Amino acid sequence: MSANVASSVPPVQGVDVRRCRRLNSVEMKKDSRAPVIYWMSRDQRSQDNWALIYAQRLALQRSAPLHVVFCLVPKFLDATLRQYDFLLKGLREVAADLESKQIPFHLQLGKAADKVPAVVDQLGAQMVVCDMSPLRVPSEWARDVANLCQAKEVPVVQVDAHNVVPVWAASDKQETAARTIRKKIMQPLGTYLTEFPSVDRHPHKFKGEISQPIDWEGAENSLQVDTSVRPVAGIVPGAAAGHAALENFCKRLSRYDEHRNNPNENALSGLSPWLHFGQISAQRCALRVRRIGEAKSATAGEKKSCEAFIEESIVRRELSDNFCFYNARYDSLEGAAGWAQQTLKDHAKDKREHLYSREELENAKTHDDLWNAAQLQMVREGKMHGFLRMYWAKKILEWSPSPQEALDRCIWLNDRYELDGRDPNGYVGCMWSVCGVHDMGWKEREVFGKIRFMNYAGCKRKFDVAGFVAKFPGAVPHGAEAAPAPKKRKAKAKAKGAADKRA
Ligand SMILES: Cc1cc2nc3c(=O)[nH]c(=O)nc-3n(C[C@H](O)[C@H](O)[C@H](O)COP(=O)(O)OP(=O)(O)OC[C@H]3O[C@@H](n4cnc5c(N)ncnc54)[C@H](O)[C@@H]3O)c2cc1C
């Protein structure tokens with residue numbers, strides 16, 4: 001792919017051209033009125049979407065029709081029916097909204113490299129706009145589409161519609177930690193955290209034959225995924241439900257700062273499934289929350305919570321994209337810092353007090369009732385509380401035969417059961433827990449080496465563990481003991497508050 005050449009991206013009014021980069025070197029044809037295509041992938045929404053806004057404005061400049069294409073692959077990483085169901089229901093909403101705006105939506109079954117060029121040919125399109133994911137497989141899709149379009153002399157422009165500060169503008173390298181990227185995101189935030197132009201009814205129609213009703217049933221039948229992991233009832237897919245969740249969170253905002261590390265409190269936003277599928281934009285969430293936090297009537301709790309939310313939903317989230325964008329080994333021990341790889345190697349042969357198989361972990365059959373409860377929460381509800389995700393992954397490191405095996409298990413379970421799995425945040429969360437990504441070295445101990453440790457006693461000091469466990473019947477397997485006493489686990493005062501002291 002060609003480098004980031006923002007300056008040669010065709011400008012449109014209302015979209016900061018730094019959000020865009022060219023993926024091939026084809027120039028736009030002068031005065032063409034042929035259709036513009038937005039190939040939608042990561043950002044599955046019809047409003048608050050910079051890639052769609054860019055595509056529509058470009059089409060309007062040229063009095064050209066606009067089409068949206070989505071390519072549904074029958075299998076994606078470890079996603080199951082649970083995640084596909086969420087995706088497809090969200091897409092139905094997107095299609096309906098676009099159709100009400102006279103923007104045809106094409107659901108294609110298969111790989112983008114096969115389908116996007118075919119739609120380009122069918123429509124005689126002049127340009128393809130796509131969104132951006134830093135993950136390996138979607139990056140390959142974008143590269144393949146760009147190369148195939150190069151041969152057809154069709155330019156491809158990519159827009160980072162997921163991050164508030166575009167990943168390539170925030171930093172040109174892999175950042176060490178939140179402390180090194182924070183300034184790079186917060187300083188230019190004023191120029192990026194702006195209101196979105198709306199996507200309006202499109203006035204220019206395609207003259208040829210195109211519209212067949214979308215075969216949603218055929219799409220469902222085309223899937224080749226594990227159907228034993230069922231959709232969850234408690235999290236409703238689609239942009240409307242995502243926006244309702246945002247409004248609900250705004251009512252509870254003041255509690256976020258103080259209570260977000262307590263799994264018994266309903267203090268988190270719960271927005272990650274909609275954010276992951278792009279059904280809601282992180283920029284919209286930040287604008288909405290900031291309106292409350294910066295209002296004259298804002299309470300101290302709301303002000304602090306607004307800051308904390310911006311930190312999590314922009315700085316930490318965009319740090320994850322930065323890691324995956326610049327580190328091709330974002331899901332492997334080899335992607336970790338040298339010190340972390342070394343310390344895990346030094347302790348590879350340490351005796352593990354408990355060793356579990358992947359199946360025992362999946363079925364929540366460990367001696368630790370808190371861990372089992374967290375696992376059951378994920379399996380049953382499609383989402384584990386953010387604080388427990390750290391404890392959960394650290395214990396997998398402690399109870400697995402090797403760090404690589406631990407990392408693979410974390411990613412496999414996370415991607416299989418979490419609605420928000422297969423996300424840069426997930427890879428970075430697992431890498432932070434198992435191999436110290438974005439963290440520093442701590443006091444050396446068995447198995448973990450210098451990787452930060454978390455224990456049951458530390459959790460007990462933070463929240464009512466028994467109260468949480470009681471919500472998940474079955475968390476204590478028959479005949480199992482409760483988690484070992486803190487003394488036996490050599491709990492150290494240092495571990496206290498470990499999780500929220502992240503750099
Ligand atoms: C082992 C492990 C696995 C994880 N897996 C995932 C995953 O698959 N998908 C996922 O989106 N997040 C993952 N996270 C990060 C974090 O736990 C979740 O984003 C958060 O719990 C989602 O709940 P929420 O939307 O209520 O969060 P809130 O606290 O309300 O935060 C709002 C948004 O900010 C972002 N955010 C919050 N915490 C973090 C963080 N630590 N790092 C990066 N971004 C953050 C998310 O987009 C989140 O939706 C993982 C963390 C760990 C330690």
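The values are calculated or read from the model by the stated rules, or taken from the named source; none is laboratory data. This structure is a prediction, so every number in the text was calculated from the model and none was measured. A quick note on method: Cβ atoms are made from the backbone with ideal geometry, for glycine too, and the neighbour counts reach across all protein chains shown. Side chains are part of the model used for accessible areas, which takes the heavy atoms of the whole protein and leaves out ligands, DNA and RNA. Shrake-Rupley method; radii C 1.70, N 1.55, O 1.52, S 1.80 Å.
General remarks:
- Any hit, the range 127-150, residues being part of a loop (DSSP other than H, G, I, E, B) and surrounded by fewer than 18 Cβ atoms within 10 Å (Cβ to Cβ): no
Residue-by-condition table, conditions (1) open to solvent by less than 10 Å² (accessible area, probe 1.4 Å); (2) touching a helix residue (DSSP H, G or I) at 6+ places or on another chain (Cβ under 7 Å); (3) over 18 Å from Leu319 (Cβ atoms):
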site: Asp408; (1), (2), (3): no, no, yes
site: Asp420; (1), (2), (3): no, yes, no
site: Pro424; (1), (2), (3): yes, yes, no
site: Val428; (1), (2), (3): no, yes, no
site: Cys435; (1), (2), (3): yes, yes, no
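- Verdict on Glu99 being in contact with a helix residue (DSSP H, G or I) (Cβ under 7 Å, 6 or more places away or on another chain) and open to solvent by 10 Å² or more (accessible area, probe 1.4 Å): no
- Any hit, the range 26-40, residues being in a loop (DSSP other than H, G, I, E, B) and within 23 Å of Tyr192 (Cβ to Cβ): no
- Remark: pairs (first residue in the range 372-399, open to solvent by less than 10 Å² (accessible area, probe 1.4 Å); second residue within 10 Å of the ligand (Cβ to nearest atom) and among the polar types (S, T, N, Q); Cβ separation under 7 Å; 6+ apart in sequence or on different chains) = Phe387/Asn261; Ala393/Ser433; Lys394/Ser433; Leu397/Ser433.
- Within the range 227-247, residues that are among the polar types (S, T, N, Q) reach partners that are in a loop (DSSP other than H, G, I, E, B) with beta carbons closer than 9 Å, at six or more positions or on different chains, in the pairs Thr227/Thr80; Ser228/Thr80.
- Checking each residue in the range 427-459 for being aliphatic (A, V, I, L, M) and closer than 17 Å to Ala178 by Cβ picks out Val428, Met431, Val437, Met440.
- With respect to the stated conditions, His202 fails to be open to solvent by 30 Å² or more (accessible area, probe 1.4 Å) and not assigned by TED's automatic domain parsing to the domain that holds Tyr38.
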